[in-house]
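Asks: Quick one: structure below, then a few questions.
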Amino acid sequence: ASEEFTGIAQTAYDLWVPLPALVAAHPGVPVFQRILTEPHYCCSDVSGRLAPGVTRDQATAELTTLSARFEAQFRQPPHRVIATGTSVLARPDAKKAQILSAFGLLVSAVLAILLLACANVSNLLLARGTARQSEIGVRLALGASRGRVVRQLLTEGFLLAGIASLLATGVAAILPRVVIGQVGAAPGFLYLAPDWRVLTCSAGLAFVSAVAFGLAPALRVTKAGIHHAIQHQARQTGFRFPLRSALLGAQVAISTLLLVIAGLMARGLSTAQNHDPGFRVNGVTMASVDLPINHYNGARWREFFVSLESRITAAAGGRQVGFCAMPPLSRAHNVTSLQRDGKPAEPILLQFVNGAYFDVLSIPVLAGRKFTGDDRARNVVMANEAAVRRYWPNGNPVGRIAMVNGKPEEIIGVVRDAEINGIGEVQPLLFLPFQGGDPANVLVRGEAKNWSHTLKGIIFAAEPRATVEVRDLSTQLEKWLGPARLGAEIAGALGLLALLLAAVGVYGVVSYSVEQRRRELGVRMALGAHPGEVVRFVLRGNARGVVWGLAAGFGLSALAGQVIRRFLYGVAPDDPLAYGAALAILLAAGFAASFAPARKSARIDPSEALRWE
């Protein structure tokens, strides 16, 4: 295949082998033999190319007919055929809503930052235009039309937007890979380099932003008459500037929204880290053991792990040793079919474990018993509470027979629900006796720093060709929380950026107010106003925009909290701590940004301010 082709799955692949070669690649592993020979075994993906002129509906109809024949031949329950495209989001199990929600939230946050930056630039352009009113007045007096001056000011805005876009494009070519790298390699289907569509969109946004937020300041600055502009006077009374107040309020609202979201995400991450998943995470060491598959079959695997269990148990001073095919919180899972009481088969999650697995992870058995060594040769199964609630809601299932993967299995025990497959809602789960396999995972009580050398020594003594990785089980939780941590970090970075932009905006607005009201402030001080009164007067003039911005920001935050509810672990969307922290940060930043220009207003020399008359 070409170097660019990595498959049509979410994982990027470098090597493909024929499907029947599964048995040769994994000799003695029953699961691969069953995939190829047992008609009821689930699951395999099927991909095909449509023949010329054939529609997807026609292909679905043909596949439905073939499936019906298959089901009749092997007495299988009816299945629904779904033919989709090869897009990741086209898959019925792709969790499309979650993927689109995550990217939608990210895009919304970035657009909010763009609006905040544009509002900030507009306010700064207003302040800059005030300082240039004399220059603009001279240009108008020398015959320049208002339209020409406006075009000049817009050109300056376009230059600023163009430089910013070029800088952003360079950052965008590097930053996404760096950010995704914080939680692991980017999935193969996720193309993160900016292409012509991204560049076109960025250029369009830059153009629209420059026009939309540069035109109003340009028109405002050139609105005054020639004499008024040359004299650089502002005869309004009070601090009533609707455009500036509206822009200031928008900045505060967006900053409030992003800071609240960042606070909620951080609170959710903190709660998840302290969350009890229903099993022991801290103080457990896990060793992943990968054996040379060409030297082991099913019987040799069982012998190896029985011997390994006794050796590790002796080294652990008699403490129990757990085994499992897949480590907890690994995002990997087996799916099998469950049929009971004559009802159609349904898919259910599956784990292969030994009895000590529940002891090491402190998962109690609520009914029946756990696995013993003799159960490896028996058809027995255990279930969690979620499976009992869904499939056996009317009584104790212990002792009942269920068809698992088409084979009758006796339910011998029920264990307490634990978030083994991932933090969040516990899914129905069945446990089968651990038979060995490749790879396998060993679980023991104790820290990895104390167990690493011992476990590796025991395993390599039993099989020098094995590949072993020893780590604390808590690292699995960190991997699981990686996306949540990345989301919290991105939200925090955007919130801090919004806070910085809002602080600059507040500083610009207050400075603009002081410059516009320089003569009025001089008159007040000449009439005996105390410097402190002048400072309060300046701050009150901009308080209305800030108050309206805070109110709007908290309202938007309440709506956004409902949208991101699914991304919060055990935190309410109206968490008072997140709202209180955002309010405190905004007030502190607003005061810091307003203090310097407000103090400057108290130092105005009345004689200098009145000299313009």
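Asks: Identify all residues within the range 568-587 that are under 24 Å from D276 (Cα atoms), in a helix (DSSP H, G or I) and open to solvent by 60 Å² or more (accessible area, probe 1.4 Å); write none if there are none.
Replies: Hits for the range 568-587 are P576, L577.
Asks: Next question, about the same structure. Cβ contacts < 9 Å: first residue closer than 18 Å to G492 by Cβ, restricted to the range 102-116; second residue among the aromatic types (F, W, Y), any location; separation 6+ or different chain. Result?
Replies: If the second residue must be among the aromatic types (F, W, Y), the pairs left are A102/F567; L105/F567.
Asks: Among the residues of the range 487-496, is there at least one that is open to solvent by less than 10 Å² (accessible area, probe 1.4 Å) and part of a helix (DSSP H, G or I)?
Replies: yes
Asks: Looking for whichever is under 32 Å from the mean Cα position of the chain (by Cα), modelled with pLDDT of 85 or more and not aromatic (F, W, Y) here; the options are A332, A325. Which one fits?
Replies: Values: A332 fails: modelled with pLDDT of 85 or more.
None of the other options fit; the residue is A325.
Asks: Ok, one more. Go through the range 399-411 and count every residue that is farther than 21 Å from L366 by Cα and either of a type in the set (S, T, N, Q) or at pLDDT 80 or above (or both). Spell out how you get there, then give the answer.
Replies: Restricting attention to the range 399-411, the residues satisfying the condition of being farther than 21 Å from L366 by Cα are 403-408.
Add one more test, that the residue is either of a type in the set (S, T, N, Q) or at pLDDT 80 or above (or both), and what stays is 403-405, 407-408.
Counting residues in the range 399-411 that are farther than 21 Å from L366 by Cα and either of a type in the set (S, T, N, Q) or at pLDDT 80 or above (or both) gives 5.
Asks: Same structure again: Considering only the range 436-446, I want to know if a residue exists there that is part of a helix (DSSP H, G or I) and open to solvent by 40 Å² or more (accessible area, probe 1.4 Å).
Replies: Scanning the range 436-446, I find no residue that is part of a helix (DSSP H, G or I) and open to solvent by 40 Å² or more (accessible area, probe 1.4 Å), so the answer is no.
Asks: Keeping to the range 317-347, report how many residues are open to solvent by 10 Å² or more (accessible area, probe 1.4 Å) and either among the small types (G, A, S) or assigned to a strand (DSSP E or B) (or both).
Replies: Result for the range 317-347: 13.
Asks: Only one of T130, T86 is polar (S, T, N, Q) and either open to solvent by 80 Å² or more (accessible area, probe 1.4 Å) or at pLDDT 80 or above (or both); which?
Replies: Just a single option satisfies the conditions, and that option is T86.
Asks: Of the residues R244, R235, R197, only one is charged (D, E, K, R), modelled with pLDDT under 80 and open to solvent by 30 Å² or more (accessible area, probe 1.4 Å); which?
Replies: Values: R244 fails: open to solvent by 30 Å² or more (accessible area, probe 1.4 Å); R197 fails: modelled with pLDDT under 80.
Of the residues listed, the single one that is charged (D, E, K, R), modelled with pLDDT under 80 and open to solvent by 30 Å² or more (accessible area, probe 1.4 Å) is R235.
Asks: If a residue must be in contact with a helix residue (DSSP H, G or I) (Cβ under 9 Å, 6 or more places away or on another chain) and farther than 22 Å from G406 by Cα, how many such residues does the range 331-353 contain?
Replies: Looking only at that region, the number is 1.
Asks: Being out of contact with any Ser or Thr (no Cβ under 6 Å at 6 or more places or on another chain) and modelled with pLDDT of 90 or more is true for just one of V414, V426. Which residue is that? Walk me through how you get there before you give the answer.
Replies: Details: V426 fails: modelled with pLDDT of 90 or more.
It is V414.
Asks: Same structure, new question: For residues in the range 352-371 being part of a helix (DSSP H, G or I) and of a type outside the set (S, T, Y), which is most open to solvent (accessible area, probe 1.4 Å)?
Replies: The first filter runs over the range 352-371 and keeps only residues part of a helix (DSSP H, G or I), leaving 356-360.
Checking which are of a type outside the set (S, T, Y) leaves us with 356, 358-360.
Values: A356: 12, F358: 3, D359: 53, V360: 3 Å².
Across the range 352-371, the extreme among qualifying residues is D359.
Asks: Going residue by residue through the range 462-470, is there one that turns out to be modelled with pLDDT of 90 or more, part of a strand (DSSP E or B) and either open to solvent by less than 10 Å² (accessible area, probe 1.4 Å) or under 23 Å from N334 (Cβ atoms) (or both)?
Replies: no
Asks: So, one more: Hey, does the range 372-381 have a residue that's surrounded by fewer than 21 Cβ atoms within 10 Å (Cβ to Cβ), farther than 30 Å from E478 by Cα and within 39 Å of the chain's Cα centre (by Cα)?
Replies: Checked against the condition, which is being surrounded by fewer than 21 Cβ atoms within 10 Å (Cβ to Cβ), farther than 30 Å from E478 by Cα and within 39 Å of the chain's Cα centre (by Cα), the range 372-381 yields no hits at all.
Asks: Among the residues of the range 47-55, are any closer than 26 Å to G406 by Cβ and open to solvent by 80 Å² or more (accessible area, probe 1.4 Å)?
Replies: Within the range 47-55 (the criterion being closer than 26 Å to G406 by Cβ and open to solvent by 80 Å² or more (accessible area, probe 1.4 Å)), the answer is yes, since at least one residue qualifies.
Asks: Of the residues S245, S307, only one is closer than 30 Å to A112 by Cβ, in contact (Cβ under 8 Å) with a residue 24 or more places away in the chain and in contact with a helix residue (DSSP H, G or I) (Cβ under 9 Å, 6 or more places away or on another chain); which?
Replies: Answer to the check: S245.
The values are calculated or read from the model by the stated rules, or taken from the named source; none is laboratory data. Since the structure is predicted, the reported quantities are computational estimates derived from the model, not experimental observations. Note: ideal-geometry Cβ built from the backbone for every residue, glycine included; neighbour counts use all protein chains shown. Keep in mind that these areas ignore ligands, DNA and RNA; they rest on the heavy atoms of the full protein, side chains included. Shrake-Rupley method; radii C 1.70, N 1.55, O 1.52, S 1.80 Å.
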